Amino acid sequence: MDFLEQLRLQKQEGDREWASKQAEEQRRRDDEALRKRAEEDQRRTEERDRDRRKAEQIFAGLADIVRSAAGLGLEVAVLADSFVEDHPQEGSRPININRRTYYLAGWQIPFYEMCGADGIPLTVVSERVDVAFKGVLHRTFNVLAVDLRRL
């Protein structure tokens, strides 16, 4: 075998090594992407379960909240920690109340579905607050509530 033939064989061997390294690297990238996807799916499932449990917990305590609000003569029973947004975010669900669109997130989505299934009327209560010196800037907070007038 002459020297040129030997160099060609070495080149072919080097090409095979390069291809096997590239295939191994691609396999590692695919495995990593698959692992990340599985972890993300697991995280989403756990988050949905956590949101469902919180919604069920708040739904179970709804009778006490309504009784307390009605005992105080209020027209709505405001739910604790139930701020809704007026701009869409990732994973939010739009609802239309009083010709305005609000966006539910997290535990509020299954809670809204539970209330809808049982015919519980929900509304949104808005409060405008001065947040800067001498009331120059205003901020509006929107809170999910049970409408006792329609109950």
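The values are calculated or read from the model by the stated rules, or taken from the named source; none is laboratory data. Being a predicted model, the structure only gives us computed values, none of them experimental. Counting neighbours? That spans all protein chains shown, and the Cβs are built from the backbone with ideal geometry, glycine included.
General observations
- Of all the criteria given as (1) polar (S, T, N, Q); (2) in a loop (DSSP other than H, G, I, E, B); (3) over 30 Å from Thr123 (Cβ atoms), the one not satisfied by Gln10 is (2).
- Residue tally, condition at pLDDT below 90, touching a Leu at 6+ places or on another chain (Cβ under 8 Å) and in a strand (DSSP E or B), over the range 98-132: 1
- Residues located in the range 97-113, provided they are within 11 Å of Thr123 (Cα to Cα) and either buried (at least 17 other Cβ atoms within 10 Å of the Cβ) or of a type in the set (A, V, I, L, M) (or both): Ile97, Tyr102, Tyr112
- For the range 57-76, the set of residues classified as in a helix (DSSP H, G or I), more than 22 Å from Arg44 (Cβ to Cβ) and among the β-branched types (Val, Ile, Thr) consists of Ile65, Val66, listed by residue number.
- Look at the range 60-89: where a residue is in contact (Cβ under 8 Å) with a residue 60 or more places away in the chain and more than 12 Å from Phe111 (Cβ to Cβ) and a partner is in a helix (DSSP H, G or I) and aliphatic (A, V, I, L, M), sitting 6+ places away or on another chain with Cβ atoms under 6 Å, you get Ala77/Ile65; Ala77/Val66; Ala77/Ala69.
- Search result, residues across the range 124-140 that are touching a residue at least 12 places away in the same chain (Cβ under 8 Å) and out of contact with any Lys or Arg (no Cβ under 8 Å at 6 or more places or on another chain): Val125, Ser126, Glu127
- Residues of the range 77-97 that turn out to be within 18 Å of the chain's Cα centre (by Cα), of a type outside the set (Asp, Glu) and in a strand (DSSP E or B), as a count: 6
- Taken together, Ala55, Ala69 contain a single residue that is out of contact with any strand residue (DSSP E or B) (no Cβ under 7 Å at 6 or more places or on another chain) and among the aliphatic types (A, V, I, L, M), which is Ala55.
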